[in-house]
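Accompanying notes for the structure given below.
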Amino acid sequence: MTREDVIVALSNSGNTEEILRLLPPLKRIGAKIGSLTGPSDSPLALGADVVIALGRTDEVCPLGLVPTASSAAMHAACDALALTVVKKKPFSSEEYALYHPGGSLGRRVMRVGELMRTGEANPVVGEGEPLFRAVAVMTNTPGRPGATAIVDRKGRLAGIFTDGDLRRLVERGNQDFSVAVKTVMGKKARTCSPDDLVQDAAARMREARIDQLPVVDSAGKPVGMLDVQDLLAARFL
């Protein structure tokens with residue numbers, strides 16, 4: 001604790017011994033003390049710099065002893081305090097994701113750039129390369145995403161080739177793996193940006209019933225791949 005700190009002490013009765021024993025050393029340090037308590041004349045209230053007195057709260061417990069209604073009132077008061085701080089000190093969704101990366105709330109603000117496959121795990125093949133080269137890249141890429149982005153001579157996304165495309169070729173009797181991959185690739189690949197929310201990208205994949213989504217930058221160049229397996233692991237699906 002330092003003199004710049006603010007302590008918020010909670011005690012419905014205002015007589016909780018382990019809290020009252022902290023007041024003198026905290027005052028010597030110079031830290032400010034705020035109290036959330038029931039009676040405004042309790043020892044905790046009298047020893048604090050700022051007091052929020054909730055008044056008397058009758059407990060729901062038949063004995064009138066177990067904290068029930070009082071704890072609910074304190075919870076509501078603390079929520080109000082927290083939201084007031086948020087209004088006074090703006091807190092962005094990006095900051096929320098930084099400090100609360102786990103759980104369903106953290107997942108709601110996660111960006112594609114945090115989950116996508118990059119580097120060696122991002123399969124990319126030139127549109128003029130033979131089909132067997134595309135299949136080899138899909139097979140040897142770490143994580144085996146089951147698809148590869150196809151780029152033009154300027155490195156921009158031109159299409160995508162997937163395991164499903166390969167199966168359909170074989171079913172049609174096309175076994176010439178020396179043809180240029182651009183002749184058999186999907187030319188209308190759905191994409192997303194690294195800054196997109198993962199939940200939005202996942203919804204796009206569900207609607208299109210696809211397992212991979214190329215991630216492109218502002219120049220249209222593939223910088224990553226979003227795979228359905230990663231979405232499942234992160235519990236987006």
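The values are calculated or read from the model by the stated rules, or taken from the named source; none is laboratory data. Treat the numbers as computed from the prediction; the structure is a model and nothing was measured. Glycine also receives a Cβ, built like all others from the backbone with ideal geometry; neighbour counts cover every protein chain displayed.
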Fill in: Candidates D196, D176, D152, D163, filtered to the one that is within 30 Å of E94 (Cα to Cα) and of a type in the set (D, E, K, R)
D196
Worksheet item: Taking the condition of a type in the set (D, E), under 16 Å from L231 (Cα atoms), modelled with pLDDT under 95 and part of a helix (DSSP H, G or I), does D200 pass?
Response: yes
Fill in: Hits in segment 37-60 - residues which are farther than 11 Å from I7 by Cβ and in a strand (DSSP E or B)
T37, V51, I52, A53
Fill in: segment 1-36, residues that are crowded, with 19+ Cβ neighbours inside 10 Å and part of a loop (DSSP other than H, G, I, E, B)
N12, G14
Discussion item. Quick test of your reading of the structure: V181 fulfils all but one of (1) crowded, with 19+ Cβ neighbours inside 10 Å; (2) over 17 Å from D227 (Cβ atoms); (3) in contact (Cβ under 8 Å) with a residue 60 or more places away in the chain. Name the failing condition by number.
Written reply: (3)
Practice prompt. Among residues belonging to segment 71-112 that are small (G, A, S) and farther than 18 Å from G34 by Cα, point out the one that is modelled with the highest pLDDT.
Written response: A72
Discussion item. Looking at (1) modelled with pLDDT of 95 or more; (2) exposed (fewer than 15 other Cβ atoms within 10 Å of the Cβ); (3) within 18 Å of A208 (Cβ to Cβ), which one does G155 not meet, given that it meets all the others?
Written reply: (3)
Discussion item. When you scan segment 208-231, do you find a residue that is under 20 Å from the mean Cα position of the chain (by Cα), surrounded by 16 or more Cβ atoms within 10 Å (Cβ to Cβ), of a type in the set (G, A, S) and in a helix (DSSP H, G or I), even just one?
Written reply: no
Item to complete: Tell me, yes or no, whether segment 120-139 has at least one residue that is in contact with a helix residue (DSSP H, G or I) (Cβ under 9 Å, 6 or more places away or on another chain), loosely packed, with under 15 Cβ neighbours inside 10 Å and assigned to a loop (DSSP other than H, G, I, E, B).
Response: yes
Discussion item. For a quick check of your reading of the model, give me the residue pairs whose first member lies in segment 47-59 and is free of Cβ contacts under 8 Å to residues at least 40 places away in the same chain, whose second is surrounded by 15 or more Cβ atoms within 10 Å (Cβ to Cβ) and among the β-branched types (V, I, T), with beta-carbon atoms closer than 8 Å and at least 6 apart or on different chains.
Written reply: G47/I33; A48/I33; D49/I33; V50/I33; V51/T37; I52/T37; A53/T37
Item to complete: Would you be able to tell me the number of residues in segment 142-151 that are modelled with pLDDT under 95, out of contact with any helix residue (DSSP H, G or I) (no Cβ under 6 Å at 6 or more places or on another chain) and over 15 Å from D165 (Cα atoms)?
Response: 1
Worksheet item: Only one of F236, F177 is modelled with pLDDT under 95 and closer than 16 Å to M110 by Cα; which?
Response: F236
